[in-house]
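These notes are about the structure you will find just below.
The values are calculated or read from the model by the stated rules, or taken from the named source; none is laboratory data. Predicted model, so just to flag it, every value in this text is computed and none were measured. Heads up, the Cβs are rebuilt from the backbone with ideal geometry, glycines too, and the neighbour counts pull from every protein chain shown. What goes into the accessible areas is simple: the full protein's heavy atoms, side chains included, and nothing from ligands, DNA or RNA. Shrake-Rupley method; radii C 1.70, N 1.55, O 1.52, S 1.80 Å.
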Amino acid sequence: AFALSGTAFAQDYPTKPITVVVPFSAGGPTDTVARLVAEAMSQDLGQQVVVQNVGGAGGTLGAGQVATAPNDGYTLLLHHIGMSTAPTLYRSLPYDPLTDFATIGLITSVPMTLVARKDFEPNTLEELLTYIKENGENVTYAHAGIGSASQLCGMLLMEQTETVMTTVPYQGAGPAMTDIIGGQIDMICDQTTNTTTQIQAGEVKAYAVTSPERLTNLPDLPTTKEAGLDLEIGVWHGLYAPAGTDPAIIERLEGSLQKALTNETVVARFAELGTTPVTAAEATPEALTETLTSQIELWRGVIEAAGVYAE
Ligand code: MLT
């Protein structure tokens, strides 16, 4: 007889539904990416892949929960660039993104757009920057907490323009967008997965996109580069499991993720929302580990220069 190794269990994996924690509110950009990928992975794995939204502390609350979850392959984390900024922004982070997780693969990198409530006075990015300079703290800027992409973009914008706005935190960019559309908050820098529909519907006023080139589905929206702003951000997303998860299970999830990223519904919806899935070579543990490692170093330098810390 031979010992029933973990791999034996992995051969049957998954035998029950899988939870994917999204560390922001439902209805936001991370949730949008997660629900598309989870649905496609469900079809491949033959088990429900259920999205669970755990908001708070700029995504670090949800990430911390997965770091200490059982490493049996049934609790995963879908998170973004915030995995690489939190280690610098938080002096007392309850997890280490590089050692408390097993990487599965990259998913997509989403551009960001500077948008405001539709009756906001400025009409161009140049007018917006002048307005912010002149009105500073009277301008309200929404974000999804220290460690979110919207907070990172806002921090860089304020640092670039040497301005200070009044920042208003939310549990996610979903609820923040509701208040911008409602006119309660002036502006946000948010991902195209959450703003494309609103921009096209005229629900918000858009000023620029942080991609190197203009987006095909928002051709009239200039890039920040065109407007002379050095603010290029791609919000990369990755899929993680708790550290110590059986490599055979990681391999099964990696294959399922790669298939999900060629799923025609996923590809088409990503395109409508201004983004594209990564290639199969990037939807790998190695590629995500490499991106996470280099991004932690990159943002440490930028954030320390900006001098912004959570606690
Ligand atoms: C969200 O899903 O709410 C966003 O990713 C929040 C953010 O990072 O700005």
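Restricting region 12-28 to residues that are within 12 Å of ASN53 (Cα to Cα) and not small (Gly, Ala, Ser), which is nearest to the ligand (Cβ to nearest atom)?
If we filter region 12-28 for residues that are within 12 Å of ASN53 (Cα to Cα), which is where we start, we get 19-28.
Restricting the remaining residues to those that are not small (Gly, Ala, Ser) gives 19-24.
Numbers: THR19: 17, VAL20: 13, VAL21: 12, VAL22: 7, PRO23: 8, PHE24: 3 Å.
Ranking the qualifying residues of region 12-28, first place goes to PHE24.
Which of the residues that make up region 54-99 are touching a helix residue (DSSP H, G or I) at 6+ places or on another chain (Cβ under 7 Å), closer than 18 Å to HIS237 by Cα and open to solvent by 50 Å² or more (accessible area, probe 1.4 Å)?
LEU98
Would you confirm whether or not region 2-13 contains a residue that is of a type outside the set (Lys, Arg), closer than 20 Å to GLN171 by Cβ and either touching a His at 6+ places or on another chain (Cβ under 8 Å) or modelled with pLDDT of 95 or more (or both)?
Checked against the condition, which is being of a type outside the set (Lys, Arg), closer than 20 Å to GLN171 by Cβ and either touching a His at 6+ places or on another chain (Cβ under 8 Å) or modelled with pLDDT of 95 or more (or both), region 2-13 yields no hits at all.
Restricting attention to region 261-288, report how many residues are closer than 18 Å to GLU213 by Cα and part of a loop (DSSP other than H, G, I, E, B).
5
Within region 140-190, can you find the residues that are under 15 Å from GLU232 (Cα atoms) and in contact with a Ser or Thr (Cβ under 6 Å, 6 or more places away or on another chain)?
Scanning region 140-190 gives LEU152, CYS189, ASP190.
What tally of residues in region 115-173 results from selecting those that are in contact with a Pro (Cβ under 9 Å, 6 or more places away or on another chain) and free of Cβ contacts under 8 Å to residues at least 12 places away in the same chain?
2
Might you let me know whether region 166-176 holds any residue that is within 8 Å of the ligand (Cβ to nearest atom), among the polar types (S, T, N, Q) and out of contact with any Gly (no Cβ under 8 Å at 6 or more places or on another chain)?
No: region 166-176 contains no residue that is within 8 Å of the ligand (Cβ to nearest atom), among the polar types (S, T, N, Q) and out of contact with any Gly (no Cβ under 8 Å at 6 or more places or on another chain).
Residue by residue, here is whether (1) touching a Gly at 6+ places or on another chain (Cβ under 7 Å); (2) in contact (Cβ under 8 Å) with a residue 40 or more places away in the chain; (3) closer than 27 Å to VAL168 by Cβ; (4) not charged (D, E, K, R) holds:
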position	(1), (2), (3), (4)
THR30	no, yes, yes, yes
ARG35	no, no, yes, no
ALA40	no, yes, no, yes
GLN43	no, yes, no, yes
VAL49	no, no, no, yes
VAL54	yes, no, yes, yes
GLY59	yes, yes, yes, yes
PRO70	no, yes, no, yes
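Of all residues in region 116-157, which are of a type in the set (D, E, K, R) and either within 13 Å of the ligand (Cβ to nearest atom) or touching an Asp or Glu at 6+ places or on another chain (Cβ under 9 Å) (or both)?
Step one: of region 116-157, the residues of a type in the set (D, E, K, R) are 117-119, 121, 126-127, 133-134, 137.
Across region 116-157, the qualifying residues are ARG117, LYS118, GLU121, GLU127, LYS133.
Does ALA227 satisfy the condition of being at pLDDT below 95 and open to solvent by 20 Å² or more (accessible area, probe 1.4 Å)?
In short, yes.
Take region 36-92 and flag every residue that is in contact with a strand residue (DSSP E or B) (Cβ under 9 Å, 6 or more places away or on another chain), in a helix (DSSP H, G or I) and among the charged types (D, E, K, R).
GLU39
Of the residues ILE181, ILE199, ILE188, which single one is away from the ligand (no atom under 13 Å from the Cβ), β-branched (Val, Ile, Thr) and closer than 21 Å to HIS80 by Cβ?
Checking each option against the conditions leaves just ILE199.
Search region 15-39 for residues being open to solvent by 10 Å² or more (accessible area, probe 1.4 Å) and of a type in the set (A, V, I, L, M, F, W, C), and hand back the single one that is farthest from THR265 (Cα to Cα).
Step by step, filter region 15-39, then rank; the result is PHE24.
It is to be established whether one or more residues within region 102-115 are touching a Lys or Arg at 6+ places or on another chain (Cβ under 9 Å) and away from the ligand (no atom under 12 Å from the Cβ).
Yes, region 102-115 contains a residue that is touching a Lys or Arg at 6+ places or on another chain (Cβ under 9 Å) and away from the ligand (no atom under 12 Å from the Cβ).
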